[in-house]
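Have a look at the structure below, then the notes.
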Amino acid sequence: MKKASFYLVIIFISAGLFSCNNPTSEPGNESSKAYESMSAASDTINQKTTGFTTAMNQMMNDMHQLAMTGNVDKDFALMMRSHHQGAVDMSHFEVSHGEDESLKKLAAKIAEEQELEIKQMEGLIAAMDKAPKNYDPKKKQEGFAKVMSDNMDMMMDMSKMDTSMATDHQFVAMMLPHHQSAVLLSEGFLKYGKNPQLLRMARKMIVDENKEIDAFQSWMSSHKQ
């Protein structure tokens with residue numbers, strides 16, 4: 001993962017680690033507590049509500065509320081659908097409120113491509129209505145469950161952003177960890193997934209989002225605040 005420029009704009013919390021222990025939908029579970037801790041911590045680091053934080057909070061809430069089925073292919077599609085929707089929402093906000101034309105063009109491209117992939121994943125999810133279980137989502141230190149848990153841990157970094165930055169900088173600061181976690185999840189899925197169409201989509205996501213990570217890092221390097 002390429003994080004050099006990303007760390008220039010993220011303010012880290014010096015104490016406290018936030019981990020998402022269970023991406024199921026049961027009220028009061030450890031996942032919900034982790035999300036509450038993340039939200040509370042966000043309030044302490046120069047945070048204000050923006051279109052990006054609204055989109056991020058909605059995405060994280062959706063991902064935490066997902067009830068994992070125990071089927072690698074279906075759970076990847078469910079998680080990535082919510083993940084993509086977060087990127088779409090943040091990209092639309094950048095297009096409407098950003099100032100840098102190159103970033104707005106990139107945001108429009110991301111929104112268009114990921115909206116298409118969301119539709120494709122929704123069709124696959126429906127087709128896997130009764131897909132058999134082939135992993136245990138609760139065993140978070142092994143197999144695909146660890147991939148999912150590590151991805152959620154990375155997503156927590158999105159809560160640690162200084163939202164006093166200009167809109168364009170906020171967009172880049174949000175999209176870097178967002179894309180990095182998508183690459184992590186897709187790479188993990190390639191090891192355990194079975195569905196040929198989803199495997200092709202995951203490979204494409206890795207290529208596309210790594211290119212966009214490079215573009216974001218290049219932009220940030222030349223637009224230091």
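The values are calculated or read from the model by the stated rules, or taken from the named source; none is laboratory data. The structure displayed is predicted, hence computed values, not measured ones. So basically every Cβ, Gly included, is an ideal-geometry build from the backbone, and we count neighbours across all protein chains shown. Quick note on the areas: whole protein, heavy atoms, side chains included, nothing else; ligands and nucleic acids left out. Shrake-Rupley method; radii C 1.70, N 1.55, O 1.52, S 1.80 Å.
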Fill in the blank from the handout: So, with points 7 Å from each Cα along the Cβ direction, the SER164-ASP136 label distance in nm works out to 4.8 nm
Fill in the blank from the handout: Hull surface over four for the Cα convex hull of the stretch 87-212, reported in nm², is 8.3 nm²
Practice task
Specify, per residue and in Å³, the volume enclosed by the convex hull of the alpha carbon atoms belonging to the stretch 164-215.
Solution key: 66 Å³
Handout entry: Cα coordinate range in the stretch 69-125, projected on the principal axes (Å, largest first)
Key = 43, 15, 13
Practice task
Evaluate the charge dipole of the stretch 115-225 about its Cα centre and quote only its size in Debye, nearest 20, assuming +1 on the Cβ of each Lys and Arg and -1 on the Cβ of each Asp and Glu.
Solution key: 540 debye
Exercise for the section: Output ³J(HN,Hα) for the stretch 201-212: one whole-Hz value per residue in order, computed from phi by the Karplus curve 6.51 cos²θ - 1.76 cosθ + 1.60 with θ = phi - 60°, and x for Gly and Pro. Expected result: 5, 5, 4, 5, 4, 4, 5, 4, 6, 5, 5, 6
Fill in the blank from the handout: The aspartates and glutamates whose Cα lies under 12 Å from the Cα of LYS146, excluding any fewer than 8 residues away in the same chain, are ASP136
Handout entry: Greater than 26 Å apart at Cα, pairs in LYS109/LYS140; LYS119/LYS191; LYS104/LYS204
Key = LYS109/LYS140
Practice task
Determine ³J(HN,Hα), in whole Hz, for all residues of the stretch 69-86 in sequence, where each value follows from phi through the Karplus function 6.51 cos²θ - 1.76 cosθ + 1.60 and θ = phi - 60°; x replaces Gly and Pro.
Solution key: 8, x, 10, 4, 4, 5, 5, 4, 5, 4, 5, 5, 4, 5, 4, 4, 4, x
Fill in the blank from the handout: With 0.36 nm assigned to each residue of separation and the Cα-Cα distance removed, ALA126 to GLN197 gains 24.2 nm
Problem - Full-extension gain in nm, SER96 to GLN65, via 0.36 nm per residue minus C-alpha separation - result: 8.3 nm
Problem - Residues with amide H under 5 Å from that of ASP162, placed H, sequence gap 5 or more - result: ILE11
Problem - Gain in span if fully extended, GLN58 to GLU112, counting 0.36 nm per residue against the direct Cα distance - result: 17.5 nm
Practice task
First compute the accessible area of the stretch 104-225 with a 1.4 Å probe, then give the percent of it belonging to carbon and sulfur atoms.
Solution key: 51 percent
